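Written out below as structure tokens is the structure these notes cover.
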Amino acid sequence: MDTPAFLDRDRPDVPDIVVPGGVTPFHLAGRPVRGRLVRPGKLADAILTRHKHAPAISALGGKALALVAGLASALKFQGSFSLQIKGDGPVSLLLADCTDTGGLRFYARQDQEQLDALLASGKQITDRDLTGNGYLALTVDQGPEMDRHQGIVEITGDSLADMAMHYFQTSEQHACWTMLAAKQTEAGWRSGALILERIAGGGGSDADADHSEVLDEQGEDAWNTALALAGTLTDAELLDDTLPAEQLLYRLFHEEDLVVGQSRALAYGCRCSKAKLSDVLSRFSDDDLDHMVEDGVIKMTCEFCNHDFCFDRKEVGTTASAN
Ligand SMILES: [Zn+2]
């Protein structure tokens, strides 16, 4: 078993933040609609400010974090659920993942030259301007013993929400709608997501053909009504920490027999530690390790936390294990 973060003395000094009501699941009783409201609160700021990104990239990262948190909370798995976007734009790689216990991480690799050119153009920057063309993948990773489940689609649309909806149109059996927002507020970076899913229901197997057609139609109406109501949500409402999740959902769906489920926590989720990176280094040959030494130490940086770990050459490799 992994050492709990708070007991691990090898862990860097990174924010130890838990947001108790980070994800709020809900459904509309008697209707084929369920959803999740995701609000990572100050956690978004803690994760995004580990790196000095341009605001447009932080905003994309905030939306990606809210999206993975919302999608992960609807799945039964043990391990991590990740969103990966690889494209030819200024953000050549974006990675956001969420563990089964709500631990969130984010990393973006940027091409500085392309980014400078985009920023200099003065145009309103879309998520697509940052990713360019490429692909988006969603992966459930339950460890080396289990099969990885991965779905990949081409990047389509201008916003991350459009890209995600395109994924669901092509990869999943049911309709899915999502709204994402992220912004730097007076309290720091905030992000949020509202996700609606059309689930099976409305037609019983014992119903005759005519009857199930009527129920299908009712299901379609209920889904469209839910979409119309969800569409009235503003970015400001979604990102407002002072507006409780239940109140926000009630504002949207109070006439649709809203049932709010038990909320789930989100947390600062980087799993890096000196012990883990030392384990990584132990797989290199002594020759390679010698080449990695600079000013007497080997420096390894956690790309998620942007934290540097320094190793004395004598601490790692066969030289270390021989002692
Ligand atoms: Zn880390």
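The values are calculated or read from the model by the stated rules, or taken from the named source; none is laboratory data. Remember, it's a predicted structure, so these values are computed and weren't measured experimentally. Positions of Cβ are backbone-derived with ideal geometry, glycine not excepted, and every protein chain shown enters the neighbour counts. Side chains included, ligands, DNA and RNA excluded: accessible areas come from the protein's heavy atoms. Shrake-Rupley method; radii C 1.70, N 1.55, O 1.52, S 1.80 Å.
Quick look at the numbers
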{"item": "Per-q log10 I(q)/I(0), the range 273-315, q = 0.27, 0.33, 0.35 Å⁻¹ (Debye; single scatterer per alpha-carbon; no solvent)", "result": "-1.02, -1.31, -1.36"}
{"item": "Using alpha-carbon coordinates, inclination of helix 209-230 to the longest axis of the chain, degrees", "result": "60"}
{"item": "The range 126-279 - accessible surface per residue (Å², probe 1.4 Å)", "result": "54"}
{"item": "25 Å Cα-Cα threshold exceeded, pairs from LYS183/LYS274; LYS52/LYS299; LYS63/LYS274", "result": "LYS183/LYS274; LYS63/LYS274"}
{"item": "11 Å beta-carbon shell around ALA29, net charge (K/R +1, D/E -1)", "result": "0"}
{"item": "Karplus (6.51, -1.76, 1.60) ³J(HN,Hα), θ = phi - 60°, over the range 262-269, in Hz, Gly and Pro reported as x", "result": "6, 6, 10, 7, 10, 8, 5, x"}
{"item": "Helical mean residue ellipticity (222 nm; -39500 (n - 2.57) per DSSP H run of 4+; nearest 500) of the chain", "result": "-9500 deg cm²/dmol"}
{"item": "Kirkwood hydrodynamic radius (C-alpha pairs) into Stokes-Einstein, the chain, 20 °C and 1.002 mPa s, D in µm²/s", "result": "99"}
{"item": "Positive-end residue, the range 4-144 charge dipole about Cα centroid, Cβ charges, pick of THR126, LEU94, LEU28", "result": "LEU28"}
{"item": "Protein accessible area in the range 245-301, 1.4 Å probe - carbon and sulfur %", "result": "45"}
{"item": "Between the range 147-186 and the range 25-40, the alpha-carbon center distance in angstrom", "result": "17"}
